[in-house]
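A quick write-up on the structure given underneath.
Just so it is clear, none of the values below were taken in a lab; they were calculated from the coordinates. Just so it is clear, the model here is predicted, and its values are computed rather than measured. As a convention, Cβ positions derive from the backbone with ideal geometry for all residues, glycine included, and neighbour counts pool all protein chains shown.
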Amino acid sequence: MSLVRAVELRRVLDSRGAPTVEADALTEDGGFGRAAAPAGASTGAHEAVELPAGEAIAAARDHAVPRLVGTVHAGDQRAVDASLRAADGTDDLSTVGANAVVAASMAVAKAAADTLGIPLYQHLGGAFRGPSSDSFPVPLGNVVGGGEHARDATDIQEFLAVPVGAPNVAEAAFANAAVHARVGELLEERSIPAGKGDEGAWAPLTDDETAFEVVSRAVADVADDHGFEIRVGLDVAATELWDSDAGVYRYSDAERTPSEQVDYVAGLVDTYDLAYVEDPFDEEAFDEFAALTDRVGSRTTVCGDDLFVTNVERLDRGVEEGAGNAILVKPNQIGTLSDTLDAVELAVENGFTPVISHRSGETEDTTIAHLAVATDAPFLKAGAVGGERTAKLNELIRIADDAA
Ligand code: 2PG
Ligand code: MG
């Protein structure tokens, strides 16, 4: 065991060019770890609170760092995270800021792994978890998107390639990149103008129906080429479509009541054989999540992101009510690695699939790749292309190499 010797914090750029918090942690035995907080655009109302980076850094220096340094063992992640929570003193981490807290929590974990001379996935996962050649997190590759990640593009926030039949993680990641490239060609053939959204997905000036056609075709072409099954997934991010005053989901070309939305999404699952559907309803719509899961949960993954915000209390309710069968896991939504691991554990105990995820605002930090391996998560949502996205995918490929 090695005590935390120092935690230094600074402002760095995220992939949108916005300031975010980076932490460097040192242990008394010379271990070093660096981590940075990501940031969401379509954030859930129940997420832990992100403060402006400068404020979070100042608060962490005042309250959190002094409690950690020289008193807490870096390898005791529960103690590290308890100390961070105690320094903050609120449930939603609004004193220190979840961005400073998550950066510190992850940086200390990395410093502990470095002290032990082992990779982060091994430190977090323990002796019984690690990369294996026959089971790996399938990367969910965002290939077309709109919503809060690209205005004027699709209403649905993310169309995802899901390479369920890939023989290994590298083939899976390359297949997603190939789907992304094929989508670009198909959009050009159809003369549909497209820039790129926050996560590097194509942001075409078109409607959801056309996006479905293009993505389905691209997935089929690449599946043929690569010789394994690739399916389509979605993050609807429907909280952003929900008009609570009118009680409808507002699309550019339609309005849907909650029960019409259930029918619509169930129809999409059938029509496009969707492997994965995230946030098809508003963040408070436990009932609709349960209704959809009842209808299609045996053949697709129904995942709550804004619904659960990586929070065990909200997940508990979801389990009780059968609202979904999967949880999106984002460490910065809840603030510490311990809370994140608790959410994964509660999910697995109750037959919910944990899906480890990036945010739309990212850095070159690769913690989530290690977290996905450490928790044996079936899926990792980390984008398809773009430097801050490939940082995670390439790390996953390197980790998989350890198993070979
Ligand atoms: C999501 C994420 C990541 P954001 O909704 O799942 O894709 O987006 O980080 O903007 O919440
Ligand atoms: Mg989401």
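Quick check on the exposure proxy: order Val169, Val12 from fewest to most C-beta atoms within 10 angstrom.
Numbers: Val169 27, Val12 17.
Exposure proxy ranking, most exposed first: Val12, Val169.
Each label was represented as a point 7 Å from its Cα along the Cα-to-Cβ direction; for Tyr251 and Arg299 these points are 2.0 nm apart. The helix-only estimate of mean residue ellipticity at 222 nm for the chain, built from DSSP H runs of length n ≥ 4 each weighted as -39500 (n - 2.57), is -12500 deg cm²/dmol after division by the residue total. Taken along the Cα-to-beta-carbon direction at a fixed 7 Å, the label points for Ser244 and Glu188 span 4.5 nm. Using alpha-carbon positions, what is the distance between the centroids of region 48-107 and region 320-376, in Å? Spelled out, the Cα-based centre of one part sits 19 Å from the other. Each Cα pair of the chain feeds into the Kirkwood radius, which the Stokes-Einstein equation turns, at 4 °C and 1.567 mPa s, into a diffusion coefficient of 61 µm²/s. Pick out which of Leu341, Leu116, Leu26 has the largest mean-square fluctuation in a Gaussian network model of the chain, springs linking Cα atoms closer than 10 Å. Fluctuation is largest for Leu116. Taking the Cα centre of region 319-372 as origin and assigning +1 to Lys and Arg Cβ atoms and -1 to Asp and Glu Cβ atoms, the resulting dipole is close to 160 debye. When you filter the GluC sites (Glu not before Pro) in region 192-258 for DSSP loop state and at most 15 other Cβ atoms inside 10 Å of their Cβ, you are left with Glu229.
What do you get for Rg/Rh over region 4-117 if you use C-alpha atoms and the Kirkwood form of Rh? Rg divided by Rh gives 0.96.
Sorting Tyr264, Tyr276 from the fewest to the most surrounding beta carbons within 10 angstrom yields Tyr264, Tyr276.
The order of His226, His370, going from fewest to most other C-beta atoms within 10 Å of their C-beta, is His226, His370.
For the chain, leaving out every one of the trypsin sites (Lys or Arg not before Pro) that falls in a DSSP loop and has at most 16 other Cβ atoms within 10 Å, the longest unbroken run is 17-128.
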